[in-house]
Structures are given as C-alpha cells and as structure tokens.
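Read the structure below first, then the notes.
Every number in this text was worked out from the coordinates using simple rules, so none of it is lab data. Quantities reported herein were computed from a predicted structural model and do not represent experimental measurements. Note: ideal-geometry Cβ built from the backbone for every residue, glycine included; neighbour counts use all protein chains shown.
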Protein chains: 2
Amino acid sequence: MSRGPASTAEDPGRSPMVWHGWGDPTRRTGLSPAARAVLTDAFGPLDAPVVPVTLEQVRVGPSRLAPAALAALVAVTGPDGVRDDHRTRVEHAGGRSYPDLVRRRQGDAVAAPDAVVLPRSRAEVAALLAVCGKHRIAVVPFGGGTSVVGGVEPERGRFDAVVALDLRRLDRLVSLDATSQVATFEAGVRAPAAEAALRAQGFTLGHYPQSYGYATIGGMVATRSAGQASTGYGRIDELVVAARWATPAGDLVTGGVARSAAGPDLRALMVGSEGAFGVLTEVALRVRPLPETEHHEAWALPSFASGAAALRALVQAGVAADITRLSDEDETATTLAQAGGWKVAALRRYLDARGLDRPCLLILGWEGSSATIARRRSRATEVLRPRRAIRIGPSAGTAWARHRFDGPYLRDDLLDHGIMVETLETAATWSQLGALYLGVRRAITRTLEGLGTPPLVLCHVSHLYPTGASLYFTWLARQQPGAEVAQWQAVKRAAGDAIVANHGTITHHHAVGLDHRAWMEHEVGDLGLEVLRAVKERLDPEGILNPGKLLPDLPANPT
Amino acid sequence: MSRGPASTAEDPGRSPMVWHGWGDPTRRTGLSPAARAVLTDAFGPLDAPVVPVTLEQVRVGPSRLAPAALAALVAVTGPDGVRDDHRTRVEHAGGRSYPDLVRRRQGDAVAAPDAVVLPRSRAEVAALLAVCGKHRIAVVPFGGGTSVVGGVEPERGRFDAVVALDLRRLDRLVSLDATSQVATFEAGVRAPAAEAALRAQGFTLGHYPQSYGYATIGGMVATRSAGQASTGYGRIDELVVAARWATPAGDLVTGGVARSAAGPDLRALMVGSEGAFGVLTEVALRVRPLPETEHHEAWALPSFASGAAALRALVQAGVAADITRLSDEDETATTLAQAGGWKVAALRRYLDARGLDRPCLLILGWEGSSATIARRRSRATEVLRPRRAIRIGPSAGTAWARHRFDGPYLRDDLLDHGIMVETLETAATWSQLGALYLGVRRAITRTLEGLGTPPLVLCHVSHLYPTGASLYFTWLARQQPGAEVAQWQAVKRAAGDAIVANHGTITHHHAVGLDHRAWMEHEVGDLGLEVLRAVKERLDPEGILNPGKLLPDLPANPT
C-alpha cells in the first residue's frame, strides 16, 4: 500500500512536455518483448522505428503579430512575458491528440501561434484580453497542453493573429479553508503541484486524469475532467465550489456558497466552456483529508456484459470502489499477454478451469482508513461473489496503479513503429450501454478493415454512476503511410456517428475541442447551440476566445 | 418504523389548495393550549380570531383578455382548458408567501390572472406559448402554487394580459427505466402521486420538501428544490437526468446520458430558471429502490455552535444521516414548550443535570435496510458521543416525522390570531456559518424591535454538505394591523442585506421569485445577470415567460 499517485514520481516540476510527444521522454521504456509479440501477432512484423524530426527541422509560419500589437502585449507583461522564439511556438502549436502528434513528428507546426503570452496575475490576464480585443488577436487559453481533442489548436478564426495565453505563472495555492475543506488555486497550477501543496497540509483533491503529470487545475475545470477516481471523489465539475473567469466583458465570479437555489447554476455553465467563454483564473475546489491508505485489487469476471452488470449492482447499492476499471475480453487478453510470464499462464489455467475462458479483468482501488476499506471491500465482495467473480489477488491491481499514467508514453513508442493508437470515450445510461459498446466497436473495426488496416479494439468501463457508466475505447492499427490523418478522420467520424446513433455522449471526459464539435448539434440540439452562442456573444462579443472550439461553425458563417 | 412520508396521508389527490391558506383546511388542528401558552408568554394575550373573508367577497379585476386572444387559447385546448371563473382566478392569484396570504385573507386578489389555461400535452403547451406571443399575453407557469417567494404572482409586465399556465393535466409517469433507475414524469404530477407511482414499482424519488403534499415535479425542478432528505438523496438538481422545456423559441432538451464533458451543462442552466426561460414539460429523474425501512431519532447537544461542529464532522466523515435537523437553543425551547407534559419536564431535568441547560435538539432520519441503518447509526454515534451529545430516544424523532409537513397549517392558525410567522433560508460554507447565523438573527430581531413588535426568532440547520450547510430561520411577531405587508418588507430587506453581508446565499431552496430578485445582482454579479438575460432573450425574445421573476429589472428598463 502506498499513499496515492504521488508515489509514481510523475511530477516533472516546471519543465514543459517534449514538443513531439508525451511528457519527459527519458521516462519512456520502449516496447517490451511481450508487447512486440502482441503487435506482431496482430499486425505482422513491426516497421523499423521512425523517430520525429529534430526541433530545428520543424516548420512554423512567420509570426503574424503586428509590431504595435506585440508592443501592446509587452506593455502588459514585460518583455519576458511575450515569447515568439521557435521552441516556444512549437511547444504551443497544439495539444497531444493523435493528429497533433502525427503532424509535429513530421515537422509540421505551421499553425503555431504567433506568440505565447505568460501573464503573472488576474489583472494581467484581463489586460491581455483587452489588448487582444483591440488588436484583433485570437486567444487560446493554454494550460498543460494535454488536450487530445484539439482544444488548444492555435486557430486564428477571423482574426489576423493568434496567441497562446499560457497560464503557468498563475501557480499559487491562494488559500485553504480547512474548516470548509475548500482550496482555492490559481488556474495554472499543475495537478501534481496542487496535490503536493494540499498533501503538505493533510488534504487531497483526489483528481487523477491520465494527463495528471502535466494537466493544470484550470485545464481540468475548463474541460470538465473526470479523473480515474471520479467514482469515489466525484468529477471535477462536482468539486468546483466557486470560480473566477476573465472575459472580454469583465470578470465573472460564479458560486461560492455551499449550495444555492438562486436561479440557474452559472458555475455549471462556465465549467466545461473550454476557454471559449472566458479564461479561468482562480478556482475554489472541494478537498478531502488525505486518506490513511489505499489498496488496489483485481478480479476476473466471466464476460464484459456480466461484469458491467456487477458494476451496476455495486454502484446502485452504494458500495462501488473509488477507482473501478473493467476491461472487456480483448483488452484483458492484451493486458495478460503483455504481462506474460509463468504466473499469467498459471492464472489463465486457473480461470479456465473455473469456466472463465475469456475472462474480463476488473481493477478496484480503495482509499480511506484500513478499517473503512476493509468494511467497504467486504460489502463489495458480497455483491461480486454471486456473479462468478473470482478474486485474483492484488498484484494485477498494484501493477495497474504503478502504470496508471504511462499510456501516453506507450503511444510514442507505437508511433515510432508506424502503429496508430487512439482512444475515445463516451457514456450512456445502463440500459443503453450494451448497444453502445457493440455499435462503436463495430464502427471502428469496420472502418479500419475497409481501409485495409484491421485493428485491435479494446474497451473498458472506468467511471460509474447510479444511472449509467462510461466506455473507454482504445484501438491500434497499422498507419496508412502518407494518409495518417485521413485514416484517423475516417475512424473518428464513424465512431462519433455510432456513438450518437446509440444514445451515447460524444465525450464523457475528453471534452469537445475541435474534434467533437461536429456532434455538438446532436448533443445539445439546435436551440441548445443557440443558447451557448448567446452566452458566448455576451461574454466575448468579438469572438476572440478560442475560435473554432466547442461550438460548430454557424451554417452560414458571416465571416 | 414506517415506510416514509406516504404514511402521513398527505395526499390530497387532485383537489386544489384552499385559496386563502395552506392545503386542506379540514386538516387544521388549531392552536394547542401549549402553543397558546408559548405565544402568550412571548406576545401577551392573543387577539380574538379573525378569519379570512369568504370567496365571494374577494376582489379580482375584470379579465383583460381580448375576445380574439381568448378564442385563440380555446382553439388550442378546447373550452374546458381555458377558465376565467372567479374561483379559478382567485386560486391562481399567487402562491403561498406571507404577503400572498395577508392580501388574500383580506379579500385582495385584484392581481389575479386574466385566465387560467390547462394544457393536456407538450404540443398544447407549445401552441399556447405561440398564441400568447402573438397576442402579447404574459405566461406564468403554475405547478402546485406553493411558492413562498412570489414565484407565481400573475405579473403582466409590459403585456396587456396574463394567464396562469397550470400544468396539472400533464400528470403521467411517462416511463420507468428500472435498469438505469431513471423515471420520466410529465411536469404537472404532484409529488405524492409521483411517489405513489414509483412505490408501486418498488422505487422512490426520496424528495420531500415541506410543500410535498401539493408541490409538483415541475415546480420542484424549476425552483431547485432541496427536500428534507437532501443530505441523503441529493437535491432535485442532482436528481435531474434530462429535461424537456417548451420555450417560445422551440423545445429545448437537456441532458440524457449518465454524465458528459460535451461543453457547459445546459441542464444546470435550465434547472432553477423558475419559468422565466421555458416551461418544463417532462423530466427524467434518478430514482432509488424503496428503502426497507426508516428510523428517526433525537439527540440533545450542548449548544448550536457545538451542534453545528458535530454535523460538520458527520458530513465530512461521510456518515451523515439522510435527514438532519439541528435546532438552535430558542427553537429547541419552543419545541419542548409546545410538546409540554411531564415527560418533557423530566427530560429537561435530565439534560440540565448533565450540563445541557440550554439544549439543542437534533433530529436524525435514516433510510435503508435495518442492517445498513444500524451500521450507519453506530458510526454516527462514534462521532457524536465525544461531543457531549446525549441520545434522548426516538419519540422526539418520530414526532418530528409525523408533523414534518404541518408547518404551513400552523401558519394559518397563527394568522387567524394576528401573529406574523415567516421563514427564510440561506446557506454558506462552514467557516462562514456562525457569523451568518448571528448576523441574520440580529437583523430580524432589531428590525422588529424597532417597529415595536419584538419577535421570537428560531433557527435550524437542515441540509448538510461537505463544504457548508443551510440555515432555516422562523420568526413570529405580532402583526402591525393595517401595515402587515410593510412590516414584512422591512424584515425581509434587513434579513436579505444581512445574508449577503455575511457571505450567505439569498436562497438555499425557496428560489428567487419576486422576493429575492433584488439580491440577484449580489448573488451572481452584473455580468452574471447579463448572461442570464442573454439566455432569456434567446429563448423568450418577447419576454412573455413569468415577467418580473428571477431577474431584477434592468436599471433603465426601455419598456
């Protein structure tokens, strides 16, 4: 047992991520022999590795920022707060989506922002918005740069130039109200730094998205992040007590009391607005006393469908774990094959003998006092046992916990070898979940088969609610050389259409960005879009904030 | 033990409330000798009873509905769907706020709506909105008529006429998804009917505002109701899975999946919009299996402050009861005096001997299986015991449960005797709660003392959150004959100002209506108001929906 993900040492301090991939590349381990075997088995012999171009080889366009505009920005932040050097522009040329990485690895950062501005205070953020409005500069609020949906693409929209508004200098824990268990952070604090500041005083936020090492508090709130422990701790939108947003129309402060019936909840209207309504500068979040300990365990279930039914029983009985992750048959097979070794072979025989020939792996993570964990586990066991669940000991659970933030590094290794790997996530009510699973799986498989690149499609459930759950898909396939982005677009389109046809949400926790905006009309309806546009027009009349994100273009865009 | 509030038989079927007071007047018991003693002790000898005027004596203005408009409304609903008889207009002349009752008891329903329309379907609601837009008629969505903040006052705004849109005929349970535990209701279903329909299939909504007997599902959602069991079951806004709103700009459907990150939460923007953004026609709510049993118990605590600290410890440890109600010293003294008898005298001596000379009564209500309740109570006891809490047996708990919906009847009895009784509620973070309590208490007391009518001010905490709690104030004072409404306005203004000065919300669960709109600017800020107005303008461009409610008038209203 250890005290949470701080133990993974995923805390890179203040260094930016590598510009062409994930995180700190020295932490990459390369493909293990077992992983190579899985890939060879699925796709044939691997290509020789192709690594990204060097930073110097990356193409960026000339900065379009007019001298007067540049001077006005510098007047706000001082010279060190406005940067247009090659490295800084490339580092802000987008997020970490699959097409982002494909383009940048090939040396394409043509769309890089014209400059990056680094305010030190709320007042500077407001002043920068005023300058950008006056000089007709689009503004992309930039946190950790971890978006996988194009949320920080430097789109100019109808403006002459675009800057990334990097919030990394707004990095303070403003206050901690230990009585009310509320912590107020500036928006640019990275998740590990926020967690460290809280733990020093005996508290935790308990919010661990896979992007944990680099994500910022502001980015998580602006994108309605879920976090791996959301079943226990709640989604970030449930943790927001109050928030302060800088908008071109002024500061908007939402929330602040425990709970209110004073009209519509503006807090929930701004959370998830993805930098299109305002720039989050400060946020008060519910925190909790640091749990005494944590425990991860693993179970095997006879099928994905019966496993999902077991999860439903757990959450509806109020005895779900804080972290839950149920892999489908194929994801389980891949996980076991990657783990390899005689222990796994023995486990397979053991399960096979008990009728689990296509087992589904379930990871449960518990946090709290030892006594509470023991009590909760005992009640969960009562629910799981009659459903032919077999406990397979803690080692698979602790292995998952140890590697829980490693997925993005693996992606870089796969891209080196010409393997596409992409994920998407959705959610639905329990009664719709089975059809949604089959529909999306089929859409991904058929599309890639049709392109001559048959995939491996894996799925897990990772977030439970009394009324439904999330599905998280991963697929791997050989890249189509020279057509990598078109190949990705084809799958993305088919999967998105399958999601909405099967009553899922287009995104459960990755947000909308550029990649999901085409489905927003389906998600909220024509009139819902009009309401969102009305809010945007009131807060950002010129439309300088994050153009092209969140909302689909108007049918007849006047610009 | 009994199976929830259905056992109180508060289910009046389809009859409307009495026009001058609360509910079914045959259920009134009159003031008990003990209650009379409390009042006499506080205010001197009671006045001889003055009862309301008769229905025939009530004054209403002539209906201002033009013949063409009336015909157009009738064309939608048929003749029985449009009513302008005296009784129906008086019954819809407002809600059940203190000034509402004072005026109607005296025969003043001059502001009654020009007609009442009773659609039978969503399509009819939409068609009625179109007719009202065309004929320039203001529309007041009307559920149970239980608003205590002026939420259903028939304000014409800048229109020629006003109709109440009574949703009582939209009274179906549309569907029950037992797998996802989601029930979809039409908006006009009364809470007891909804609960009965669910219980017939083994489920419960678990939502019991004090207005339970008459409130409708739609009204509870539109006003962001809390419910006495919100600590266990969640507020109504947490139970809404999806909702359909008829607006002058078309139907808006919000939500539907378990949880989503697809942009801002429009569901939370519409919940609490109080009929000013749209008319709720259908709503899907989270439901739960009917608990096996329930148990109410009572404790005494040494002071209100130490009691509040104990509640904080309970909720932050995750072991709060489903229902919690902690009375302050004065409310406890009044409750005990009203109960009277030798048992109470013995209890007082028992507590006094243990140092609780000014005890605070704590009611806890638990629902679930016997085993779960036993386990939860045992954990709560571990928290309470070290805080000098003394268990005083279940009888005070069951007495509270038996009378939990009776408060509004008592008000009518007090009004008969010239006693003003009014309530208000607020919430704040735990760290602000003490100052808020003192500030509001002082404002109410000093204002009424200044008017020469010194009050009895009582308070309890009734809704717990990890970050804070609600405060519910009740005050009683002699009415100022002929100046009843002015007297009320003076207290209301002073209390509201004290709330915002002490970081409370202007309303935790009564909503905004007319009475709290003056403080909305403080609650959400200038820019927040502008956002709300932008949403209203998009959904209701003519402004026909519930004029004057929720949003304060513009500083320079162009109309």
Mean separation of Cα pairs under 8 Å and 6+ residues apart, divided by the residue count of chain B: what relative contact order is that in percent? 17
Residue B:134 label points, 7 Å along Cα→Cβ, one per copy: pairwise distances from this copy to the rest in nm, shortest first? 5.2
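Counting residues in the range B:399-438 as N, plug N into 2.2 N^0.38 Å and put the Cα Rg over that result. Show your work: numbers first, answer last.
Working: Rg = 14.7 Å, N = 40, 2.2 N^0.38 = 8.9 Å.
In units of the globular-protein estimate, the range B:399-438 measures up at 1.64.
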Give, in whole angstrom and from largest to smallest, the semi-axes √(5λ) of the equivalent ellipsoid of the protein assembly as shown, with λ running over the eigenvalues of the Cα gyration tensor. 52, 34, 28
Helix B:484-501: angle to the longest alpha-carbon principal axis of chain B, degrees 0 to 90, nearest 10? 70
What are the nm distances, shortest first, from residue B:497 to its equivalents in the other copies, labels at 7 Å along Cα→Cβ? 6.4
Quote the relative contact order of the range A:427-478 in percent (integer), defining contacts as alpha-carbon pairs under 8 Å separated by 6+ residues. 39
If eta is 1.306 mPa s and T is 10 °C, what Stokes-Einstein diffusion coefficient results for the range B:346-434, Kirkwood Rh from Cα pairs, in µm²/s? 95
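Once the cut-off is 27 Å, how many percent of the Cα-Cα pairs in the range A:144-275 end up in the long-distance tail?
Details: 1649 of 8646 pairs.
Tail of P(r) above 27 Å: 19 percent of Cα pairs.
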Angle, helix B:520-539 long axis vs. longest principal axis of chain B, Cα atoms, 0 to 90°, nearest 10? 30
Expressed in angstrom and ordered largest first, the alpha-carbon extents of the range A:318-365 along the principal axes are 35, 23, 18
Gyration tensor (Cα only) of the range A:479-559 to equivalent ellipsoid, semi-axes in Å sorted down, yields 26, 17, 11
Scattering profile of the range B:173-213 at q = 0.14, 0.28, 0.29, 0.35 Å⁻¹ [log10 I(q)/I(0), Debye over alpha-carbon scatterers]: -0.28, -1.06, -1.11, -1.37
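Is it possible to state the helix-based mean residue ellipticity at 222 nm for chain A, with each DSSP H run of 4+ residues giving -39500 (n - 2.57), the sum divided by total residues, to the nearest 500 deg cm²/dmol? What is it?
Working: 19 runs with 206 residues, N = 559.
Using -39500 (n - 2.57) per qualifying helix, the result is -11000 deg cm²/dmol.
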Axis carrying A onto B: which residue of A has the nearest Cβ, and how far, whole Å? A:268, 2
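Kirkwood hydrodynamic radius of the range A:49-138 from all distinct Cα pairs, in Å?
Values: mean 1/r = 0.0708 Å⁻¹.
Across the range A:49-138, the inverse of the average 1/r is 14.1 Å.
Where does the charge balance sit around residue A:58 when Lys and Arg score +1, Asp and Glu -1, over other residues with C-beta under 11 Å from its C-beta? Please report the intermediate quantities before stating the final value.
Details: positive: A:59, A:87, A:89, A:103, A:104, A:105; negative: A:56, A:91, A:108.
Net charge around residue A:58: +3.
When only Cα pairs under 8 Å and 6 or more residues apart are kept, what is the percent relative contact order across the range B:256-413? All intermediate terms of the calculation are to be shown ahead of the outcome.
Working: 164 pairs, mean separation 57.3, N = 158.
Reported as a whole number, the value is 36 percent.
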Which value, in nm² and rounded to one decimal, describes the direction-averaged projected area of the C-alpha convex hull of the range B:300-342? 3.6
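What net charge do the residues around residue B:447 carry, taking every other residue with its C-beta under 15 Å from that of residue B:447, with Lys and Arg at +1 and Asp and Glu at -1? All intermediate terms of the calculation are to be shown ahead of the outcome.
Numbers: positive: B:441, B:442, B:446, B:478, B:492, B:493; negative: B:422, B:449, B:484, B:497.
For residues surrounding residue B:447, the net value is +2.
Expressed in whole Å with the largest first, what are the equivalent ellipsoid semi-axes of chain A derived from the C-alpha gyration tensor as the square root of 5 times each eigenvalue?
Numbers: eigenvalues 281, 157, 100 Å².
Taking √(5λ) for each eigenvalue gives 37, 28, 22 Å, largest first.
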Cβ-vector label at 7 Å, residue B:234, separations to other copies in nm: 1.1
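Evaluate the range A:278-326: find the radius of gyration of its Cα atoms, find its Kirkwood radius, and give the ratio Rg to Rh. Before the final figure, lay out each step's value.
On the way: Rg = 16.6 Å, Rh = 14.2 Å.
That ratio equals 1.17.
Kindly identify the range B:387-533 as rounded, prolate or oblate by the Cα gyration tensor criterion: order the square roots of the eigenvalues as a ≥ b ≥ c, call it rounded if a/c is under 1.5, otherwise compare a/b with b/c, prolate if a/b is larger, else oblate. Mind showing how you got there, number by number?
On the way: a/c = 1.70, a/b = 1.09, b/c = 1.56.
Here the range B:387-533 falls in the oblate category.
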Between helix A:67-77 and chain A: long-axis angle, C-alpha atoms, 0 to 90°, nearest 10: 70
Return the Cα extents of the range A:417-470 along principal axes one, two and three, sorted largest first, each rounded to a whole Å. 40, 21, 11
